[in-house]
Amino acid sequence: MKRIGLLPNVEKDIGLVNTAMILDWLEKKNCTINLLEVPAQLLQRSDLAKNENQLYRDSDFIVVLGGDGTFLGAARNAALYDTPILGINLGTLGFLAEVEKRSSLEALQKVLNGEYSIEKRMMLEASVYDCHNDERKFICLNDIGITRGSLSRIIDLKIFINDNFVDDYPADGIIISTPTGSTGYNLSAGGPILDPNTNMMVITPICPHSLYARSIVVSDGDIIKVQIGENFGCDVILTIDGQMGYHLKSNDIVTIQKSQYQTSLIKTSNYSFFDILRKKIVGTRSERYESEASIENSRIDSKQFY
């Protein structure tokens, strides 16, 4: 009997219609369902309510219903228990939550039949050391951002790799991204796209006040340090996957390295990263893609060029 955690975004699944449908379908398949307290109450199923730790610990896998933001929040928690995640997209882009709503039951049936694979995704760990050498730690799947606050002032950031000084970046901020996160904030800031199956980190400055500042790609064994310079009262904020914020002060040091944790992503299709990239970001939604026709069999009508 499968133990399945359902984690809906109550703002995207209006009235929890999709969650209720999946819950009913899974229970008919003799699955045990775990819900957080709020959706359990909204569905009038308080018998299924669990706290957050119980949901991730006591589930064989988690079904996330929402967009990529919902998925990222779940990934940070699920990684602590090595619990796999299946994302069902109720948002707009859905780059991580790649199962579309119309295909949700088909994807779930494949998981119940064992017709799926687990893709391990690298995560980052950020440690913040303040002037008293006190430490706080965070993990993320996508990226660590160090950015200015509400005032439109340039902040000064000193970058070190393995204790070797790289450069002084006067900029709006800097992004340290995983391969998974390279298609997010990093891409918008002009950084490179990395294959998520690689183990690398990319450092991308945000609007640097420099003619030569470019992204730097480093290995997953490197340790990146960012020291906050004297910023004359300007707010500097550390962001985790764009969702969690922590205020930094001048001379604070943020250390970023590969985390011991990984996100376990359930895949039920044969789509490659580049297929998804082409569909979700480039915007190609051809009938050939939808029918899973191979690239080798596709042909371009030469007449279109005349």
Report task. Among the residues of region 11-23, write down those that are modelled with pLDDT of 95 or more, among the hydrophobic types (A, V, I, L, M, F, W, C) and either farther than 13 Å from Arg45 by Cβ or in contact with a Ser or Thr (Cβ under 6 Å, 6 or more places away or on another chain) (or both). Result -> Val17, Met21
**Report entry** Selection count where residues are crowded, with 21+ Cβ neighbours inside 10 Å, of a type in the set (Gly, Ala, Ser) and either in contact with a strand residue (DSSP E or B) (Cβ under 6 Å, 6 or more places away or on another chain) or assigned to a helix (DSSP H, G or I) (or both), scope region 55-82
**Finding:** 5
Report summary line: Of those in region 141-164 that are more than 17 Å from Ile206 (Cβ to Cβ) and either touching a residue at least 24 places away in the same chain (Cβ under 8 Å) or in a loop (DSSP other than H, G, I, E, B) (or both), the residue least open to solvent (accessible area, probe 1.4 Å) is Leu141
Requested in this report: With respect to Leu105, determine if the residue is closer than 17 Å to Ile22 by Cα, over 13 Å from the mean Cα position of the chain (by Cα) and open to solvent by 40 Å² or more (accessible area, probe 1.4 Å).
Outcome: yes
Query raised in the report: Within region 191-207, is even one residue touching a residue at least 12 places away in the same chain (Cβ under 8 Å), of a type in the set (D, E, K, R) and assigned to a strand (DSSP E or B)?
Result: no
Query - Every pair of residues 6+ apart whose Cβ atoms lie under 7 Å, when the first sits in region 176-189 and is in contact (Cβ under 8 Å) with a residue 24 or more places away in the chain while the second is among the hydroxyl-bearing types (Ser, Thr, Tyr) and surrounded by fewer than 24 Cβ atoms within 10 Å (Cβ to Cβ) - result: Pro179/Thr198
Query raised in the report: Just wondering, is there one or more residues in region 169-189 that are within 30 Å of Leu93 (Cα to Cα), open to solvent by less than 10 Å² (accessible area, probe 1.4 Å) and assigned to a loop (DSSP other than H, G, I, E, B)?
Result: yes
Query raised in the report: Are any of the residues in region 88-96 surrounded by 18 or more Cβ atoms within 10 Å (Cβ to Cβ) and part of a strand (DSSP E or B)?
Result: yes
**Report entry** Matching entry among Asp301, Asp275 (being at pLDDT below 85, on the phi < 0 side of the Ramachandran plot and in contact with a helix residue (DSSP H, G or I) (Cβ under 8 Å, 6 or more places away or on another chain))
**Finding:** Asp275
Query raised in the report: What tally of residues in region 120-140 results from selecting those that are more than 26 Å from Phe71 (Cα to Cα) and either crowded, with 16+ Cβ neighbours inside 10 Å or touching a residue at least 60 places away in the same chain (Cβ under 8 Å) (or both)?
Result: 3
Report summary line: Scanning region 213-262 for residues that are assigned to a strand (DSSP E or B), open to solvent by less than 20 Å² (accessible area, probe 1.4 Å) and free of Cβ contacts under 8 Å to residues at least 60 places away in the same chain gives Val218
Query - Residue satisfying all of: in region 204-249; farther than 18 Å from Gly184 by Cα and small (Gly, Ala, Ser); modelled with the lowest pLDDT among these - result: Gly233
Requested in this report: Would you confirm whether any residue within region 17-36 is in contact (Cβ under 8 Å) with a residue 12 or more places away in the chain, in a strand (DSSP E or B) and under 30 Å from Thr183 (Cβ atoms)?
Outcome: yes
Query raised in the report: Where residues in region 195-209 are open to solvent by less than 10 Å² (accessible area, probe 1.4 Å) and hydrophobic (A, V, I, L, M, F, W, C), which of them is farthest from the chain's Cα centre (by Cα)?
Result: Ile203
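The values are calculated or read from the model by the stated rules, or taken from the named source; none is laboratory data. Values in this document were obtained by computation on a predicted structure and should not be read as measured data. Reconstructed Cβ throughout: ideal geometry from the backbone, glycine too, with neighbour counts over all protein chains shown. Ligands, DNA and RNA are excluded from the accessible area calculation, which covers all protein heavy atoms including side chains. Shrake-Rupley method; radii C 1.70, N 1.55, O 1.52, S 1.80 Å.
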